[in-house]
Amino acid sequence: MDAHSFNKAMTAQATAAMHAAAPTATSTTQARATTASPAAPARPTTATTAAAREHPYTARFGRALPRELAAESTGMGWREFCSTYAPTPEGLRLRDWNETNLGRGVRRFEAIFGTSATGPAAHRCTVIAAGEIAACSEMLHELGHGIEIERFHQHHTGDTWATIIRCQGHHAGNGGHGRTWALGLGRTGPESARNAMISASTRLA
């Protein structure tokens with residue numbers, strides 16, 4: 001074998017040995033992929049966290065609750081919030097409400113209240129007052145369910161109105177005084193205010 005042929009053969013053997021010893025690019029990539037650490041879970045964005053914390057009242061009416069009520073009702077869903085702060089009346093229920101304008105800024109208000117949780121007992125009230133809230137307040141006092149409104153908030157969306165009040169109770173039945181937050185919903189502002197006052201009376205009973 002001449003020198004040229006000998007060098008060519010040795011180069012071929014060396015190249016073959018190098019290929020046999022070195023791993024392929026594909027196998028190296030697969031090995032790295034197999035041993036790679038799993039991806040960390042995505043962290044919630046600020047917008048996602050804020051949405052999760054949004055109170056259901058705020059979600060419906062676009063308005064924040066008073067700070068004390070928001071803290072008191074933290075974690076409640078909409079149904080629980082309503083059943084807590086606008087409970088179904090038991091002993092005192094508003095059955096009918098009418099008003100007549102008497103002129104000069106006063107109106108006559110007439111209402112029928114159910115006053116028994118177990119029967120059809122009813123009580124008729126007639127009051128001359130300047131507005132619905134004053135009239136309803138006087139009627140509740142007459143029925144022994146007096147309340148004094150300390151804070152008043154009212155919002156609406158579409159045809160739904162919401163009134164939130166914080167009030168002190170002067171109930172003849174429980175012989176004491178208390179404070180509570182209450183909610184009233186209605187198709188008008190006055191209707192929701194009356195319902196909030198009855199909700200407060202029910203919570204304080």
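Neighbour counts of other Cβ atoms within 10 Å put Ile165, Ile128 in the fewest-to-most order Ile128, Ile165. The share of Cα pairs per 5 Å bin across the range 79-204, counted from zero up to the longest distance, runs 2, 11, 20, 25, 22, 14, 5, 1, 0 percent. Write down the percent of antiparallel bridges among all DSSP beta bridges whose residues are both part of the range 79-204, to the nearest 5. If we restrict to bridges inside the range 79-204, about 100 percent are antiparallel. What number comes out for the charge environment of Pro56, summing +1 per Lys or Arg and -1 per Asp or Glu over other residues with Cβ under 15 Å away? Here the charged neighbours net out to +1. Our note on the geometry: Cα centres of the range 141-160 and the range 65-85, 16 Å apart. Seen from Ile164, the other residues with C-beta closer than 10 Å to its C-beta sum to a net charge of +3, counting Lys and Arg as +1 and Asp and Glu as -1. Take the Cβ atoms of Arg95 and Ala71, set R0 to 41 Å, and the FRET efficiency comes out at 0.70.
Taken together, the values in this text are just the output of simple stated rules run on the coordinates, not laboratory data. Predicted model only: the values in this text are computed from it and were never measured. Please note: Cβ atoms are built from the backbone with ideal geometry, for glycine as well, and neighbour counts cover all protein chains shown.
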